[in-house]
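The values are calculated or read from the model by the stated rules, or taken from the named source; none is laboratory data. Quick caveat: nothing in here was measured; it's all calculated off a predicted structure. So basically every Cβ, Gly included, is an ideal-geometry build from the backbone, and we count neighbours across all protein chains shown. Quick note on the areas: whole protein, heavy atoms, side chains included, nothing else; ligands and nucleic acids left out. Shrake-Rupley method; radii C 1.70, N 1.55, O 1.52, S 1.80 Å.
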Amino acid sequence: MKINDYTKSKEMFKRAAKVIPSGVYGHLGPAEGCFVPVSAFPLFSERAKGSHIWDVDGNEFIDYMCAYGPNVLGYGDEDVDAAALEQLKKGDCTTTPSYKMVEFAELLTDTVKKDWAFFAKNGGDTTTLAIMTARAATHRKKIIFVNGFYHGVAPWTQKLDYPGVLPEDVANNLYVDWNDFGALEKLAAENEGEVAAFIATPYLHGNFFDNVLPAEGYWQKVRKFCTDKGIILICDDVRCGFRLDLAGSDNFYGFEADLICFCKALANGWNVSALCGKEFLKSAVSGMTYTGSYWMSAVPFAAGIACINKMKFLDAPKLFREKALKLTGGLKAAGAEHGFDLRVSGEPALFYLRTANGDSLFLHQEWVAECVKRGVFITNHHNHFINASLTDEDIRKTVEVAEDAFKAVKNNHPEL
């Protein structure tokens, strides 16, 4: 099986390091620890289509990171891109917003069963607005987080020992373990009348550990508790949104969030995010100063309309689940054939992988590296994504690569 060469990627990274901090910054950068070893991964792409990406060296990959989520229908989806380009002919970033914003808001609120939509660009824009809205509405300061959370990169989302984060930024943050309703009750009681919001993802899908689904009845108890205590319940659906349920992941798990944050799957890669909420919070968010230079651009609104309508046509959540179960079943079988215990956790549409032979992460990292070098793009310690363009042939080829990668790892470790 062909092993990729990354000569041009390495050359491009040298150029990038001279003019861009870290060469590639953020979670896509080699310094972040998800590309281990860095030599196994391409660092720059040349093009993408469907479920495939091609790097600057011409290597082709079946891509299960999906741009870390935005690719929900397939790169370069013809229907979404046609809608975006048609709008581009009429106007995009204009002095007054396009009527497309209204049409998009109407479609989105109807789809996710909320009363209003506020548009921005990044997931972090919406989580920040959600926190501000909760504080404005309740006149309280404190926010309860679930340990292992990720809600963006604004200072309030980070930890005290992180560079550039001040004590004041996180002074009102409270932390509780996932699925521990008793601890949530206790924490709120210790801060009675001071908690503005409880923010969490629909299930725990953090990095470097198996993902954990909500316990039976957990969300229903949380919903009632927040209502009783006047605490705003925020669902961060940036990563899961539309992949579990087109009405939102709160609907999937049988509860109703007061505020819900969307981004990644909203417009198939066209740059838009949205905070949606209940009527009783509309006046609070209306009274805040919160905007951005490109937040009302019309092209992403047109793309979002086309994306939502196509996801409805395809019954995308059902499609994702079926494809994912077929894929992950094949991956687990490939591992077992060579003596590896490949664990799959989280919801199938956003599956998380961990090779559980031994206590360290090294074997899993080695297997991931061997997959990537053979043309299947996964990463070490992050959940993966299914998109609608993934074919049965893609899945067959992925399992074939995974098996060859497991064989290579076993050959490197005769002690196993």
Cα gyration tensor shape of segment 232-316, rounded if a/c is under 1.5, else prolate or oblate by comparing a/b with b/c: oblate
Additional length obtainable on full extension of the chain from Leu319 to Glu86, 0.36 nm per residue less Cα span: 81.1 nm
Between segment 203-218 and segment 312-362, the Cα center-to-center distance that results, in Å: 15 Å
Other-chain or far-sequence residues with amide H under 5 Å of Arg343's (modelled H): Arg354, Thr355, Ala356
Percentage relative contact order, the chain, counting C-alpha pairs under 8 Å, at least six apart: 23 percent
Average Cα contact separation per residue, segment 257-337, under 8 Å, 6 or more apart, as relative contact order %: 30 percent
Integer Hz, Karplus 6.51/-1.76/1.60 couplings in order for segment 336-351, x for Gly and Pro: 4, 4, 10, x, 10, 9, 8, 8, 10, 9, x, 6, x, 5, 9, 5
Carbon plus sulfur fraction of accessible area for segment 78-314, probe 1.4 Å, in percent: 55 percent
Nearest-10 value in Å² for the accessible area of Arg321, using the 1.4 Å probe: 110 Å²
Over 31 Å between alpha carbons, listed pairs Lys142/Lys318; Lys159/Lys221; Lys121/Lys141; Lys113/Lys221; Lys100/Lys326; Lys186/Lys278: Lys142/Lys318; Lys100/Lys326
Three-way shape call for segment 159-222 based on the alpha-carbon gyration tensor, with the a/c threshold at 1.5: oblate
Residue list for segment 17-56, given a label point 7 angstrom along the Cα-to-Cβ vector of Glu78 and an amide N cut-off under 14 Å: 50
Dipole axis of segment 78-314 (+1 Lys, Arg; -1 Asp, Glu on Cβ), positive-most option in Tyr290, Tyr203, Ile232: Tyr290
Between segment 9-86 and segment 387-416, the alpha-carbon center distance in angstrom: 21 Å
Low-density loop cleavage sites - trypsin sites (Lys or Arg not before Pro) in segment 72-172, where at most 15 other Cβ are within 10 Å (DSSP): Lys113, Lys141, Lys159
DSSP beta bridges in the chain [antiparallel fraction, %, rounded to 5]: 60 percent
Segment 20-145 shape via C-alpha gyration tensor axes, a/c threshold 1.5: oblate
Rounded to the nearest 20 debye, dipole of segment 78-314 from Cβ charges on Lys, Arg, Asp, Glu: 320 debye
Furthest towards positive pole of dipole, Val409, Leu28, Tyr352, structure part the chain, Cβ charges: Leu28
With all protein chains modelled, accessible area of Trp156 [1.4 Å, Å²]: 40 Å²
Rounded FRET efficiency, nearest 0.05, which uses the C-beta distance separating Val165 from Arg15 and R0 of 35 Å: 0.65
As computed over the chain, the Cα convex hull volume per residue (Å³): 154 Å³
Top positive-direction residue, dipole computed over segment 56-201 with Cβ charges, set Leu184, Asn172, Gly123: Asn172
Between 0 and 90°, nearest 10: helix 7-19 axis offset from the chain longest Cα axis: 40 degrees
Shape parameters for segment 78-314, alpha-carbon atoms, Rg then Dmax in Å: 17.8, 57
Rounded to whole Hz, the Karplus (6.51, -1.76, 1.60) HN-Hα couplings of segment 163-171, x for glycine and proline: x, x, 9, 9, x, 5, 5, 10, 5
Against the rule of thumb 2.2 N^0.38 Å, how large the Cα Rg of segment 95-182 comes out: 1.35
Accessible area, probe 1.4 Å, largest first, for residues Lys373, Lys2: Lys2, Lys373
Share antiparallel - DSSP beta bridges, segment 78-314, percent rounded to 5: 40 percent
